[in-house]
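K.L.:
This is the structure I want to talk about, given as structure tokens.
The values are calculated or read from the model by the stated rules, or taken from the named source; none is laboratory data. What you are looking at is a predicted structure, and each value in this text was computed from that prediction instead of being measured. Ideal geometry is used to build each Cβ from the backbone, glycine not excepted, and the neighbour counts take in all protein chains shown.
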Amino acid sequence: MNKHSPKEDWIAILTGTFLVAQGIFFLQSGELLTGGTTGLALLLNQFIPLSFGTLYFMSNCPFYLLAWQQFGPRFALSSIISGALVSILSDHLYLVISLETINNVYCAVAGGLLMGLGMLILFRHRSSLGGFNVLCLFIQDKYGISVGKCQLAIDFCILITSCFFVSPTTIGLSVIGAVLLNIVLAMNHKPTRYSVNYS
């Protein structure tokens, strides 16, 4: 499979991070959660007086080291840039968009689908958002378990833990978003169908 050109990769990173940030915006607007480090940052944001973007980037830092060790500096640096862009965009989208009418079901669906599409674009262009994405990519490459299935298992663990801090309704809607996110990844990023060289 031919590699994408550097120009295509950079356009994809901008597109993917923009879509992920939009998805996070919908989840925040509905006061919902999700899995992965995004879900951890959304949860911590309710208790720690730091912005979501700051918490998100900090929680991803250990996984950037894993990315460097397992997939090389090119993939790690690309992931750091992608994570930083999502952090910056997520913290500043309120300057250009606001929702007057908020339907939490729609926020869950839109948030999950947009994040899944954004992450899919990043995966296919030798990048990620860090966090558990890196771990899931490593498991896919080593054991052949798809990113979507691995991510879904981790996401459910995080959402179950969140039950102690948020209402059952919030958890239920958050699960919908997380499932849709992972369906997008599981259907479109199969290890036997689309192989990516991270180096």
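K.L.:
Cβ contacts < 7 Å: first residue over 14 Å from residue 81 (Cα atoms) and buried (at least 21 other Cβ atoms within 10 Å of the Cβ), restricted to region 118-146; second residue among the hydroxyl-bearing types (Ser, Thr, Tyr) and modelled with pLDDT under 85, any location; separation 6+ or different chain. Result?
P.N.:
Qualifying pairs under 7 Å: 140/146.
K.L.:
What number of residues within region 32-54 satisfy the criterion of being polar (S, T, N, Q) and assigned to a helix (DSSP H, G or I)?
P.N.:
Matching residues across region 32-54 total 3.
K.L.:
Select from region 99-117 the residues that are farther than 21 Å from residue 41 by Cα and among the polar types (S, T, N, Q) and write down the one among them that is surrounded by the fewest Cβ atoms within 10 Å (Cβ to Cβ).
P.N.:
101
K.L.:
All but one of (1) of a type outside the set (D, E, K, R); (2) surrounded by fewer than 19 Cβ atoms within 10 Å (Cβ to Cβ); (3) modelled with pLDDT under 85 hold for residue 172; which doesn't?
P.N.:
For residue 172, the failing item is (3).
K.L.:
If you don't mind, another one. Let me confirm something: among 26, 57, which residue is over 18 Å from residue 130 (Cα atoms), modelled with pLDDT of 95 or more and assigned to a helix (DSSP H, G or I)?
P.N.:
26
Yes/no matrix, rows are residues, columns are (1) under 21 Å from residue 18 (Cβ atoms); (2) touching a strand residue (DSSP E or B) at 6+ places or on another chain (Cβ under 6 Å); (3) modelled with pLDDT of 95 or more; (4) aromatic (Phe, Trp, Tyr):
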{"residue": "107", "(1), (2), (3), (4)": "yes, no, yes, no"}
{"residue": "125", "(1), (2), (3), (4)": "yes, no, no, no"}
{"residue": "128", "(1), (2), (3), (4)": "yes, no, no, no"}
{"residue": "161", "(1), (2), (3), (4)": "no, no, no, no"}
{"residue": "167", "(1), (2), (3), (4)": "no, no, no, no"}
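K.L.:
While we're here: How about region 158-174: which of its residues are more than 16 Å from residue 36 (Cα to Cα) and either among the β-branched types (Val, Ile, Thr) or in contact with a His (Cβ under 8 Å, 6 or more places away or on another chain) (or both)?
P.N.:
Selection gives 166, 169, 170.
K.L.:
May I pose another question? Take the conditions more than 12 Å from the chain's Cα centre (by Cα) and in contact (Cβ under 8 Å) with a residue 24 or more places away in the chain and apply them to residue 72. Does it pass?
P.N.:
Yes, satisfied.
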